[in-house]
Amino acid sequence: MTSNRINESIKVYAVYNDPQSRHAPHERLQPVVFEWRKRQYRVRDITYVWRESRGESERYHYAVSDGTNVYELCYEARSFNWTLSAVSCGE
């Protein structure tokens, strides 16, 4: 699998599940579709989620798959911005 760093702003459509169903914010916020370079990608699986603190801000990272590739999406909680950090392509 080949991984490429991207670090581009993207638009993400996400659902925010019932706050009582899970405890951590990154477990409640789940991306379902994202737009990158004028194309939509449907999230089929969220394979891994982790949280990172940067000063007063928190970032939530999601490793997601569209069934072909794995994408690292990053949500910056303070600014509400999403970034596509990396793409890993199957060979």
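Taking region 46-67 as the range and being of a type in the set (V, I, T) and more than 17 Å from R5 (Cα to Cα) as the test, the residues that pass are I46, T47, V49.
Can you name every residue in region 70-91 that is surrounded by fewer than 13 Cβ atoms within 10 Å (Cβ to Cβ) and among the hydroxyl-bearing types (S, T, Y)?
Applying the first criterion (surrounded by fewer than 13 Cβ atoms within 10 Å (Cβ to Cβ)) to region 70-91 yields 78-80, 89-91.
Scanning region 70-91 gives a single hit, S79.
Within region 55-69, can one find any residue that is among the hydroxyl-bearing types (S, T, Y), in contact (Cβ under 8 Å) with a residue 24 or more places away in the chain and either assigned to a loop (DSSP other than H, G, I, E, B) or surrounded by 13 or more Cβ atoms within 10 Å (Cβ to Cβ) (or both)? Yes, some residue in region 55-69 is among the hydroxyl-bearing types (S, T, Y), in contact (Cβ under 8 Å) with a residue 24 or more places away in the chain and either assigned to a loop (DSSP other than H, G, I, E, B) or surrounded by 13 or more Cβ atoms within 10 Å (Cβ to Cβ) (or both). When residues in region 24-44 are screened for being surrounded by 11 or more Cβ atoms within 10 Å (Cβ to Cβ) and modelled with pLDDT of 95 or more, 11 of them pass.
Of the numbered criteria (1) surrounded by 10 or more Cβ atoms within 10 Å (Cβ to Cβ); (2) in contact with a Leu (Cβ under 8 Å, 6 or more places away or on another chain), the one W50 fails is (2).
The values are calculated or read from the model by the stated rules, or taken from the named source; none is laboratory data. Values in this document were obtained by computation on a predicted structure and should not be read as measured data. Don't worry about glycine lacking a Cβ; one is built from the backbone with ideal geometry, like all the others, and counts go over all protein chains shown.
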